[in-house]
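Here the structure is laid out as structure tokens; the discussion comes afterwards.
Just so it is clear, none of the values below were taken in a lab; they were calculated from the coordinates. This is a predicted model, so every value here is computed, not measured. Every residue, glycine as well, gets a Cβ built from its backbone with ideal geometry; the counts of neighbours run over all protein chains shown.
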Amino acid sequence: MSSLPVHTAAIEKQLMAKLQPTYLQVIDESADHAGHTGANAEGFGTHFRVRIASPAFAGMTRVAKHRLVYDAVQNFIDQGLHALAIDIVE
């Protein structure tokens with residue numbers, strides 16, 4: 001696994017392309033996790049919160065919605081994204 005810092009804009013772009021959200025907010029919370037497992041020396045790019053609404057979620061359970069978001073950003077997890085908090089917005 002590569003340990004490249006992940007950027008908010010890259011996550012936003014990918015989620016927009018894959019899930020066509022009607023609402024999307026990606027917040028880098030890495031600085032709040034300094035010294036925690038998965039944090040890096042740069043202080044960004046490891047811990048994110050995603051707030052998202054998408055028609056792709058129609059009829060899905062909460063777990064299935066979260067799985068869809070995780071699947072959409074799997075390549076970032078492979079690059080060093082350590083933690084992803086997901087808030088589904090109705």
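Remarks
- Within segment 51-90: backbone nitrogen closer than 16 Å to the Gln25 label point (7 Å, Cα to C-beta): 51-54, 85-90
- Rough spin-label spacing in nm, given labels placed 7 Å along Cα→Cβ, for Ala64 and Asp87: 2.5
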